Structures are given as structure tokens and as C-alpha cells.
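> Sharing a structure with you now.
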């Protein structure tokens with residue numbers, strides 16, 4: 001079945017806050033709602049975000065998606081395939097939004113460090129910046145924890161799942177670097 005041709009008359013995508021002229025009241029770009037090519041271009045651009053944390057979150061979400069597919073197609077090979085698919089879906093839903101959360105946390109660090117220092121209590125400034133840095137570290141930690149779970153699930157699927165999908169399960173595990 002062929003796909004219909006794209007309608008070139010569609011309205012342009014909503015304003016992206018990271019783009020010049022975007023609404024500064026918005027909390028940040030929602031990478032999951034944009035075309036993959038746009039995300040790849042943004043990663044390669046001369047901007048600090050999206051950076052490694054956002055890329056890691058998306059990579060882990062993709063790995064969880066591969067694991068979910070492999071689990072669904074392994075029902076005849078392992079009795080716990082339905083539970084594995086459910087687990088993979090939950091991990092994917094947890095990892096994907098962390099791409100935006102990482103960029104937002106980094107933005108908070110930049111905003112905290114860019115505030116004027118004149119007349120500001122240095123201790124209050126340090127506390128604010130430390131709070132932003134702590135939050136910015138929490139996001140990659142959550143990404144890493146989810147990634148560890150996805151890698152373990154994918155490794156189990158590679159061992160016990162559908163042999164025809166072993167390559168997909170291994171790809172999911174290797175994507176995370178296990």
C-alpha cells in the first residue's frame with residue numbers, strides 16, 4: 001500500500017521556542033512532536049541543546065521500542081514475552097520525555113548563571129545555581145537508570161526471544177552500550 005503524497009499546503013509547524021522569534025513563554029521544544037530530521041539538524045547545530053542528554057534519552061526510547069517489538073514477536077518463544085513488551089513500553093514512555101526535560105534543565109542552568117550579579121547576595125546566587133545544576137544532573141541519572149533497565153530487557157530477549165529478532169534485541173542492547 002502506498003502512502004499519499006504530502007500536502008505542501010499544510011500550515012507550517014508551531015513556533016519552536018529554541019528558534020529565533022519563538023514564544024519565550026513556552027517551556028521548550030517538544031522533540032517528540034517534531035520530524036526526526038529536524039531533531040538531527042538541531043543536534044548538529046551550533047547550539048548547546050539538544051545535547052548528549054537529549055540524544056541519550058531518544059536513543060534509549062528507540063532501544064525500548066525495538067525491545068518491545070522483539071518481545072511482541074517472541075510470544076511463541078518465551079512465556080514472559082507479554083510482560084516484557086509491557087515493560088519495554090513503560091520504559092519507552094519514561095525515557096522519551098526526558099529529551100525535553102534535559103534541554104529544559106540545561107536551560108535553567110544557563111538562566112541561573114546568566115542573571116545579573118550586581119546587588120545580588122552571592123550565597124543566594126550560589127544556592128540558585130546549585131539547585132539548577134542538581135536538577136540538571138538528575139535528568140541524565142534518570143536516563144541512565146532507564147537505559148540500564150532497557151539493556152537488561154533487550155539482553156534477555158536476545159537470549160530467550162524469537163531467534164529471527166535476535167539482531168533487533170542485540171541492537172537495542174548495544175544502542176545503550178551494555
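> Which percent of Cα pairs goes in each bin when the distances of the stretch 55-173 are cut into 5 angstrom slices starting at zero?
2, 13, 19, 15, 11, 9, 8, 7, 5, 4, 3, 2, 1, 0
> Sticking with this one: If packing is taken as the average count of other Cβ atoms within 10 Å, what order do 147-157, 79-89, 61-71 fall into, highest mean first?
Final packing ranking: 61-71, 147-157, 79-89.
> Could you let me know the centre-to-centre spacing of the stretch 139-178 and the stretch 62-126, using Cα atoms, in angstrom?
16
All of the numbers you see were taken from the coordinates with simple rules; none came from a lab. These numbers were taken from a predicted model, which means no experiment stands behind them. When we count neighbours, we look across all protein chains shown, and the Cβ atoms used for this are built from the backbone with ideal geometry, even at glycine.
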